[in-house]
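Enquirer: One structure, pasted below without further comment.
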Amino acid sequence: MPSLKFFLEFVRHPIQVGAVLPSSAALCRTLAEWIDYASAKAMAEFGPGTGAATPHILERLQPGTRFFAIERSPDFADIFRERFPNVTLYEDSAVTVPAICEKEGIDQLDAVLCGLPWASFPESLQNELLEAIMKVLRPGGQFVTFAYLQGLPLPAGQRFRKKLRDYFSEVGRSPIVWRNVPPAFIYRCRR
């Protein structure tokens, strides 16, 4: 059922959703594996959708680590809350993360894991989101997000890749995850 909901959300809001299916387990594992969970005290997941990556994050979280998610879609938020009733979820735009951190009593985040469709966003929204992340991510903090292979040559995909280099001191890439529809890779960034 989450796959059908995902497809319907894509049909209704293709720029916000960016894919016809939830991310595969292979992509979600690759997204979650690079984070330094041992030292992370506060983390956030942006755009968890139906929660495909969330179990891979939760199984690695250390006791006492603060964690919350931000999902804009009401339909995805409902599914997420059903699947993860013990995870704090804000039904909002990730742009509001500074206010959410303040509400949560979190000064800085150690890591942000992100499932937002960056190549679908106009430059103004890419800038707004990256600025919001910079306000809350501690120096040396980690940011991971994925990009679809077919989006790489698109102007928005190229612009986003350049922006990552402008905002972060380190930007790396995972190998391509072919077991995802569509194939994708992970950007691994450090502030």
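The values are calculated or read from the model by the stated rules, or taken from the named source; none is laboratory data. The model shown is predicted, which means the values in this text are computed figures rather than measured ones. In this analysis, Cβ positions are derived from the backbone assuming ideal geometry, glycine residues included, and neighbour counts consider all displayed protein chains.
Enquirer: Quick check on this structure: which one of P175, P153, P139 is modelled with pLDDT under 95 and over 15 Å from the mean Cα position of the chain (by Cα)?
Expert: P153
Enquirer: Within the set of pairs 6+ apart or on separate chains, which have a first residue in the range 47-61 that is more than 23 Å from T96 (Cβ to Cβ), a second that is not hydroxyl-bearing (S, T, Y), and C-beta atoms under 6 Å apart?
Expert: From residues that are more than 23 Å from T96 (Cβ to Cβ), the pairs are H56/C28; H56/R29; H56/A32.
Enquirer: A further question on this structure: With respect to A38, is the statement that it is free of Cβ contacts under 8 Å to residues at least 12 places away in the same chain, out of contact with any Leu (no Cβ under 9 Å at 6 or more places or on another chain) and either within 19 Å of I186 (Cα to Cα) or surrounded by fewer than 23 Cβ atoms within 10 Å (Cβ to Cβ) (or both) true?
Expert: The answer is no for A38.
Enquirer: For E82, which of the numbered conditions (1) part of a helix (DSSP H, G or I); (2) in contact (Cβ under 8 Å) with a residue 12 or more places away in the chain; (3) not polar (S, T, N, Q) fails to hold?
Expert: Going through the list (1) part of a helix (DSSP H, G or I); (2) in contact (Cβ under 8 Å) with a residue 12 or more places away in the chain; (3) not polar (S, T, N, Q), E82 breaks only (2).
Enquirer: Can you tell me how many residues within the range 67-83 are over 17 Å from C114 (Cβ atoms) and either of a type in the set (D, E, K, R) or surrounded by 17 or more Cβ atoms within 10 Å (Cβ to Cβ) (or both)?
Expert: 6
Enquirer: Condition check: over 19 Å from I57 (Cβ atoms) and among the β-branched types (V, I, T). Does V87 satisfy that?
Expert: No; evaluated as a whole, the condition is false for this residue.
Enquirer: Given A69, A52, which one is under 21 Å from D92 (Cβ atoms), aliphatic (A, V, I, L, M) and not in a strand (DSSP E or B)?
Expert: Of the residues listed, the single one that is under 21 Å from D92 (Cβ atoms), aliphatic (A, V, I, L, M) and not in a strand (DSSP E or B) is A52.
Enquirer: Here is a follow-up. Quick one: in the range 53-66, which of the residues that are surrounded by 21 or more Cβ atoms within 10 Å (Cβ to Cβ) and of a type in the set (A, V, I, L, M) is farthest from the chain's Cα centre (by Cα)?
Expert: Filtering first and then ranking leaves I57.
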